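Notes for the one structure printed next.
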Amino acid sequence: MLVPQLTHVPAADRQAMREGPRDSATHLRHAAAIPALGQIEIGGTASREDAGESLKVVAWNVERLRHGDAIAAVLAAQAPDVVLLSEIDNGMARSGNGHPLRTLADRLGHAYAYAVEFVELDTGNEAERAATGAAANSEGFHGNAVTSAVPLLRPFVVRFDATGTWFHGERDQPRIGGRMAIGGQVMVGGSRVTVVSVHLENRTDPAGRADQTRHLLDAIDKYDPQAPVLLGGDFNTLTATHRERNGDPEAWRARIAAEPGRLTVDVERHEPLFQVFATRGYGWQAANNLDVPTQRRQAGDPAPVGRIDWFFTRGLAASAPAVLPAVLPDGRPSSDHEALLVTVRVG
């Protein structure tokens, strides 16, 4: 359902969800009762009628969009036709309890479609909870978006997880919802092109991400099997499980040191989602700088960085791929992901 504003989830309801049972069946009941999880918020205003013969696109996991001014400056300098965004807060204490996507879209002269990935039942991860203190979320929404300088047609959402793995009792960041993709279509050279912002799960294994990819591509084929497609976003191609990467960080660093290309140029060998894309007619080589990592760490963080953000195309010619640094004026990260840039044409 398309709405001008997502339906509010009362704070008392969010508190009851957090304090009650935390299992898959309960998650399904809660998710079904939250209207916002079935809505797409439409806002902003497109500033141009069409994109001409090519489409300039940025994909960026903006880590809550709490550094909106810096991110807006990077995007404005590139003047993209379309921006594919993930990890955007709406009414979260950790990002000022505002709706930063609305502000960003207005600054860019873009329309937007925004959907909820998670209804957050707390104020974030351990570090965010410590920084937020006693402040509460006004809405608790966290999601993904497409913004566009040209009219965005037929917006849609594809959800990947109905079991609520982030809601289960062992998680310290309780959430209702799951990873998802949001997309729509824009006119390029007289043709409709499907554009999709994608966010796959980091706390699964490579086989799980391949399954999510199959589900996504099946949904796109049902949506429009003929239109050219550009997918962009955070595919979390981390080449291992969360436990392998975080259970013994020193051992993981040693493993990467012994195979230095594992997280960049050799990532395809470890993530079967690339084969899924290839068998379905999608390419990625021309749309990405394969040897450039897209994770950004705080200064002094020894964790390995890899290329986990990607563009995938079908029926499009890609050119001029670039990685844009996610850096604040003082040198700190504006996000824990760099931004990706590419230009595509139909053909």
Report summary line: Heads up, segment 77-197 by the C-alpha gyration tensor (a ≥ b ≥ c square roots of eigenvalues; a/c under 1.5 rounded, else a/b over b/c prolate, else oblate) looks oblate
Report task. Kindly provide the helix-only [θ] at 222 nm of the chain, computed as the sum of -39,500 (n - 2.57) over DSSP H runs of four or more divided by all residues, to the nearest 500 deg cm²/dmol? Result -> -7000 deg cm²/dmol
Requested in this report: Could you work out the per residue convex hull volume over the alpha carbons of segment 104-161, in cubic angstrom?
Outcome: 116
Query raised in the report: Given the options GLN295, GLN78, GLN185, which has the most mean-square fluctuation in a GNM of the chain, springs set between C-alpha atoms less than 10 angstrom apart?
Result: GLN78
**Report entry** Highest-MSF residue in the chain out of LEU328, LEU263, LEU101 [GNM, Cα springs under 10 Å]
**Finding:** LEU328
Query raised in the report: Across the chain, where is the longest run that never hits GluC sites (Glu not before Pro) in a DSSP loop with at most 15 other C-beta atoms within 10 Å?
Result: 171-347
Query raised in the report: So what's the gap between the Cα centers of segment 40-65 and segment 122-188, to the nearest angstrom?
Result: 18
Query raised in the report: Taking segment 12-72, which trypsin sites (Lys or Arg not before Pro) meet the DSSP loop condition and have no more than 15 other C-beta atoms within 10 Å?
Result: ARG48
Query raised in the report: At a 1.4 Å probe radius, carbon and sulfur cover how many percent of the accessible area of the chain?
Result: 51
Report summary line: Under the rule rounded for a/c under 1.5, else prolate if a/b exceeds b/c, else oblate, using alpha carbon gyration tensor axes a ≥ b ≥ c, segment 234-347 is classed as oblate
**Report entry** Accessible area expressed per residue, segment 160-206, with surrounding protein chains retained (probe 1.4 Å, Å²)
**Finding:** 26
Report summary line: Checking ASN236, ASN202, ASN246 against a Gaussian network model of the chain (alpha-carbon springs below 10 Å), the top fluctuating residue turns out to be ASN246
Query raised in the report: What does the charge add up to near PRO272, with Lys and Arg as +1, Asp and Glu as -1, over the other residues with Cβ less than 11 Å from its Cβ?
Result: -1
**Report entry** Charge sum, other residues only, whose C-beta stays under 13 Å from ALA227's C-beta, Lys/Arg counted +1 and Asp/Glu -1
**Finding:** +2
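The values are calculated or read from the model by the stated rules, or taken from the named source; none is laboratory data. Worth saying up front: this structure is predicted, and the values here are computed from it rather than measured. Positions of Cβ are generated from backbone atoms using ideal geometry, with glycine treated the same way; all protein chains shown enter the neighbour counts. Surface areas here come from the heavy atoms of the whole protein model, side chains and all, with no ligands, DNA or RNA. Shrake-Rupley method; radii C 1.70, N 1.55, O 1.52, S 1.80 Å.
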